[in-house]
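Readers should treat all values here as calculations from the given coordinates under stated rules, not as data from a laboratory. The model shown is predicted, which means the values in this text are computed figures rather than measured ones. Don't worry about glycine lacking a Cβ; one is built from the backbone with ideal geometry, like all the others, and counts go over all protein chains shown.
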């Protein structure tokens, strides 16, 4: 069987972070996604879907640190049916998504509610390799005097850019 859900939308509320007795982080929130379509009468219509989502482990802690209400995010996960008995003894149920992978889609500083501290270390791409300490320096290229600062070249895969 295959149970995979992919949703792109905006968080409907801040993440509620809790910890299980064993120390596992659990973050609960909701996501809203809107679909635009033409109805049978030719009019443009809009349908918004609200889905509860749950993050676990380190993903929950990262989501809680960087995401806020309104943050745009892509979540991949599995659909889960939650069932319970309400106060009146009635059986209730709802579907939710257990997030297995998350991609933050907001531009840096845009609607994220997160301001990076001045002393924060930059995040290196996963394929970044430090040069070996005993590697001899390459022969320097001839330099021309320039009034503009030199911009270093960065070898990065486009798939690693979050926007």
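Structure data summary
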read-out	value
Mean separation of Cα contacts under 8 Å, 6 or more apart, over the residue count of the stretch 1-80: relative contact order %	43 percent
Average silhouette area of the stretch 1-80, convex hull of alpha-carbon atoms, in square nanometres	6.9 nm²
Protection proxy ranking, peptides 30-43, 53-66, 6-19, average beta carbon neighbours within 10 Å, highest first	53-66, 6-19, 30-43
